[in-house]
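The values are calculated or read from the model by the stated rules, or taken from the named source; none is laboratory data. As the structure is a computational prediction, the values presented were derived from the model and not from experiment. So basically every Cβ, Gly included, is an ideal-geometry build from the backbone, and we count neighbours across all protein chains shown.
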Amino acid sequence: MIRYRGRQYIQLREAADPQKDREYRVLAEEAYNKYVAFLKHLTEIDWDDIDWDVFGSFKGRKGEPFYSVDFGAIDPRYKSLQVNIGPYPDGNQGPGGSHHSGKILLKSQITIGAVPREDLIEVKYGHRQYKSTPEQLDILRRNVPKHVFVHEFIHYLDYLRKKKPREPKWEDVGTQQWEKDLLGIRKPRTPTPEERRTQYLSSPHEFNAWYQTSVRELEDYLDELAEFFPEDLDKHMRTKQRFIDKALELFSSKYLAKGQPFLWDVELLDDKYRRKLLKRLHGFYDYYMDKIEKRSHEIKAAGTWRTT
């Protein structure tokens, strides 16, 4: 397990800004809520009156139905984004997603696999066929995986804030490793599965998206303890090392992922990104302790503990 030791990580005192991290996550969660509300609205209106130039289209993607919409119709701040939703990616046993950055006049795209393909199919007159478009859209709307949407939207926000946005290079996402041959010439080689995963997780864009998604769940977990099990919260927050050990344990647990196959393999981070993770958790601890103190004043004033 990654360990926090005060002397070893003394440089972590200059911590990342957890308040800005939270503001970043709030933008992603607001986008998720607006997207789900938008899909719900589509299922409630007369489809004969839909202006598909505004409301997007329900078109096949590799022979499968994917609903696509320009996100600017939902929130004008994100007019450079298109969101697609449909069945799970090939080979996936659970929800998945991807983000592709826009180029020149093309929009950035988030694609989400929300349900098994079988959920969109029915047997009619002895033949398997896709359900009606409104039925499909309602199924997709009720199953938008929040953790996947937030993760991919963080990628989009990262792309927007770069001065010179670019697609991640292949070596950023674990497709190759480099080694020197007997003559000292540097050549690519196929990485092992563990090396591939380490390289994927230890890249700037993936690290930030995984951190933001995981720490959102962590804060929700701590808020639940604050409301229902304050003694457990006190136990976890008693020292910074105890908190960080618990956070690292939760990041890799099914509990925090709520049973969904979306676990962050923090043990596979390389040394550079382990230090980055500890630095950000160092700051998050201070941020949450301030939050506890603020809420303690609310308790004295109102006599109840209320989470936000």
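Going by what's in this entry, would Gly63 be described as on the phi > 0 side of the Ramachandran plot and modelled with pLDDT under 90?
So Gly63 fits the description; yes.
Say we look at region 96-154 and pick out the residues that are of a type in the set (Lys, Arg) and not in a strand (DSSP E or B); which of these is nearest to Val83 (Cα to Cα)? First the steps, then the outcome.
Going residue by residue through region 96-154, those that are of a type in the set (Lys, Arg) are 103, 107, 117, 124, 128, 131, 141-142, 146.
Now narrow it down to the ones that are not in a strand (DSSP E or B): 103, 107, 117, 131, 141-142, 146.
Numbers: Lys103: 16, Lys107: 10, Arg117: 19, Lys131: 21, Arg141: 13, Arg142: 16, Lys146: 14 Å.
Going through the qualifying residues, I end up with Lys107.
Looking at the structure I just gave you, is Arg141 at pLDDT below 85 and either closer than 19 Å to Gly96 by Cβ or surrounded by fewer than 12 Cβ atoms within 10 Å (Cβ to Cβ) (or both)?
No.
Yes/no matrix, rows are residues, columns are (1) of a type outside the set (S, T, N, Q); (2) in a helix (DSSP H, G or I); (3) modelled with pLDDT of 90 or more:
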{"position": "Arg216", "(1), (2), (3)": "yes, yes, no"}
{"position": "Glu231", "(1), (2), (3)": "yes, yes, yes"}
{"position": "Lys235", "(1), (2), (3)": "yes, yes, yes"}
{"position": "Phe243", "(1), (2), (3)": "yes, yes, yes"}
{"position": "Tyr255", "(1), (2), (3)": "yes, no, no"}
